[in-house]
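Visitor: Before we start, here is the structure in question, set down as structure tokens.
FYI, it's all coordinate maths here, none of it is from the lab. It should be emphasised that the depicted structure is a prediction, and the values quoted were computed from it without experimental measurement. Glycine also receives a Cβ, built like all others from the backbone with ideal geometry; neighbour counts cover every protein chain displayed.
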Amino acid sequence: MSQRVAFVTGAGSGLGREISEVLASKSIKVIVADINMAGAEETVSIIRESGNEAIAVLCDVTDLENVKNAVDESVRQYGKIDILVNNAGWDKVEPFLKSEPSIWQKIININLIGQLNTSKQILPIMIENGYGKVVNIASDAARVGSSGEAVYSAAKGGVIAFTKTIAREMARHKINVNCVAPGPSNTPLFKEIGEQHEGLTVALEKAIPFRRLAQPSDIAGAVAYFVSDEAEYVTGQTLSVSGGLTMI
Amino acid sequence: MNLGLEGRTVLVTGAAKGIGRAIATSIAEEGGNIALHYQTSEKEALETANVIEKLGVKVALVKGDLASIDDVQTMKKTIEKQLGTVHSIVNNAGYAQYKSFFKYEPGEWTREVDVCFYGVLHLAHTFMPDMMNSNEGKLINIIGDSARTGDRNLIISGAARSGATSFLKSLSQEVGRYNIQCNTVSLGLIDQGQEFDAAMLEKILKQYPLKRLGNAGDVQGIILFLLSAWSDWITGQVISVNGGQSMIG
């Protein structure tokens, strides 16, 4: 069997970088897709330093044409895509009634439409190959709500519902589609939010049974399971990785 | 991938045959020592123990009825003598009758609740204090998707297992501070050599997007994941391994 190839969005930093590193450590070639090329190149360097393969591609998930170019470039380089990890995400935390429609649109475009765009471009390649694993990063905000994240939670709720239907449509092609729902995680996004909301980290650590935020490696472990052969019979599911903060 | 199970002691209940045997064997292949529980299937338990020993790990056979707290406490003593402290538990044992509610005689449901619900309490109450002392541990309970979605012919075992799921959520909040993870694996229909006629099988598979029944390997994967350090931040969760038959939450 030739080496598997994974396309990871938002892989230029934080969680996406960690997921890329973990997949690369399992001898998977990684396409580090990001809008931030400097970050993407850094991820590629880290992976190559450990003797594994990766390339960086410019990918704005909100733009279907741009995603198509990124996917075409990936296939030119690696010949196929076996694994898609829809990780790119963004949020601005503020009360819904204070938020502006332009921000709603940005949140929905990145978090929900972005996953639709990559799925639209990459699933046909997987169907053609008769193999595919898709892991969509959702959020516990989608499962239980999160104050200040109304639109984000709606977009991520859309991701979970989209995952279920795509899992059904793709099952006949032997493509598994699942969701990982992180709880509060120690990522650049959370750091940005934490800076604006004093005491948030401490309050969350008190509420989480494991008394700490998630590290990116915690989330990457769940992604690694879903893309493994061991998870062949698992599809349409959502797994919270939350230190027990939510239990659904 | 190193799962970190080498030298760990894992109690697998209902491990004499079927899924339990497959789980115990896969843990042993990763270097884990096995406390192999059975209740009545002694011959099969011995066979499984032989297979496991050949993998170069230690195995202790423990007989007992999980419905009895005395039996579970005796199991602990037996395991400790042979293997030391139990680090993790996979509770695969269960008991279910397949019939509708009104076909039960009053009281005929007790055994299902005793095994599927109280059995989990007995295991946790007996083994978890040691895990708390050593500040680590994993408890995985296996249920059927009937407990999540309902099934008119698995009405009692489904209710008992749903109770066990709720118990594990609360327990995981209690023991999270001791770095102990408690999770539930919910299975769809697993092929264990049942003889379905072709028409029945076709009818069943219509409900399964992945168009096949589950197999032992499907269960082994999720169990190894939940026993490994890869899942250290996952607790109180329920994950279905069911070919997509149900998609909840």
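Visitor: Quickly run through region B:6-40 and pick out the residues that are within 13 Å of B:Ile223 (Cβ to Cβ) and either within 14 Å of another protein chain (Cβ to nearest Cβ) or in a helix (DSSP H, G or I) (or both).
Guide: B:Ile19, B:Gly20, B:Arg21, B:Ala22, B:Ile23, B:Ala24, B:Thr25, B:Ser26, B:Ile27, B:Ala28, B:Glu29, B:Glu30
Visitor: Continuing with the same structure: With the requirement that a residue be assigned to a loop (DSSP other than H, G, I, E, B), within 10 Å of chain A (Cβ to nearest Cβ) and polar (S, T, N, Q), what does region B:177-193 give you?
Guide: Hit for region B:177-193 is B:Asn179, nothing else.
Visitor: Determine if region A:110-121 includes at least one residue that is more than 16 Å from the chain's Cα centre (by Cα) and surrounded by fewer than 17 Cβ atoms within 10 Å (Cβ to Cβ).
Guide: No, because not a single residue in region A:110-121 is more than 16 Å from the chain's Cα centre (by Cα) and surrounded by fewer than 17 Cβ atoms within 10 Å (Cβ to Cβ).
Visitor: Which numbered condition in (1) under 16 Å from A:Ile137 (Cα atoms); (2) outside any helix (DSSP H, G or I); (3) away from chain B (no Cβ under 11 Å) is the only one that A:Leu189 fails?
Guide: Going through (1) under 16 Å from A:Ile137 (Cα atoms); (2) outside any helix (DSSP H, G or I); (3) away from chain B (no Cβ under 11 Å) one by one, A:Leu189 breaks only (2).
Visitor: Then there's this: So which of A:Thr235, A:Thr165 is more than 7 Å from chain B (Cβ to nearest Cβ) and of a type in the set (S, T, N, Q)?
Guide: Sole residue among the options that is more than 7 Å from chain B (Cβ to nearest Cβ) and of a type in the set (S, T, N, Q): A:Thr165.
Visitor: Name the single residue that is farthest from B:Gly18 (Cα to Cα) among those in region B:41-51 being in a helix (DSSP H, G or I) and among the polar types (S, T, N, Q).
Guide: Per the criteria, the residue is B:Asn50.
Visitor: A further question on this structure: Within region B:213-245, which residues are farther than 30 Å from A:Arg211 by Cβ, assigned to a loop (DSSP other than H, G, I, E, B) and within 8 Å of another protein chain (Cβ to nearest Cβ)?
Guide: B:Asn215, B:Asn242, B:Gly243, B:Gly244
Visitor: With the checklist (1) in contact (Cβ under 8 Å) with a residue 24 or more places away in the chain; (2) at the interface with chain A (Cβ under 9 Å from one of its Cβ atoms); (3) more than 14 Å from the chain's Cα centre (by Cα) in hand, flag the one item B:Glu174 doesn't pass.
Guide: Here B:Glu174 meets the rest and fails (1).
Visitor: OK, next. Going through region A:192-232 one residue at a time, which ones are acidic (Asp, Glu), more than 7 Å from chain B (Cβ to nearest Cβ) and crowded, with 19+ Cβ neighbours inside 10 Å?
Guide: none
Visitor: While we're looking at this one, here's another question. Looking at B:Pro209 and the list (1) at the interface with chain A (Cβ under 7 Å from one of its Cβ atoms); (2) closer than 20 Å to B:Ile19 by Cα; (3) over 22 Å from the mean Cα position of the chain (by Cα), which single condition is not satisfied?
Guide: Result: B:Pro209 passes all but (2).
Visitor: Oh, and also: Which of the residues that make up region A:184-214 are under 14 Å from A:Gly243 (Cα atoms) and in contact (Cβ under 8 Å) with a residue 60 or more places away in the chain?
Guide: A:Pro184, A:Ser185
Visitor: Between residues in region B:233-246 that are at positive phi and residues that are basic (Lys, Arg), which pairs lie under 9 Å by C-beta distance while being six or more apart or on different chains?
Guide: Correct list of pairs: B:Gly236/B:Lys169; B:Gly243/B:Lys211; B:Gly243/B:Arg212; B:Gly244/A:Lys164; B:Gly244/A:Arg168.
Visitor: Could you check, for region A:12-27, whether at least one of its residues is surrounded by fewer than 24 Cβ atoms within 10 Å (Cβ to Cβ), free of Cβ contacts under 8 Å to residues at least 12 places away in the same chain and out of contact with any helix residue (DSSP H, G or I) (no Cβ under 8 Å at 6 or more places or on another chain)?
Guide: Within region A:12-27, not a single residue is surrounded by fewer than 24 Cβ atoms within 10 Å (Cβ to Cβ), free of Cβ contacts under 8 Å to residues at least 12 places away in the same chain and out of contact with any helix residue (DSSP H, G or I) (no Cβ under 8 Å at 6 or more places or on another chain).
Visitor: Still on this model: In region B:141-185, how many residues are farther than 20 Å from A:Thr246 by Cβ, surrounded by fewer than 22 Cβ atoms within 10 Å (Cβ to Cβ) and polar (S, T, N, Q)?
Guide: The total comes to 2.
Visitor: Which residue, of A:Glu94, A:Glu42, A:Glu18, is closer than 23 Å to A:Ser185 by Cα and within 14 Å of chain B (Cβ to nearest Cβ)?
Guide: Testing whether each residue is closer than 23 Å to A:Ser185 by Cα and within 14 Å of chain B (Cβ to nearest Cβ) leaves just A:Glu18.
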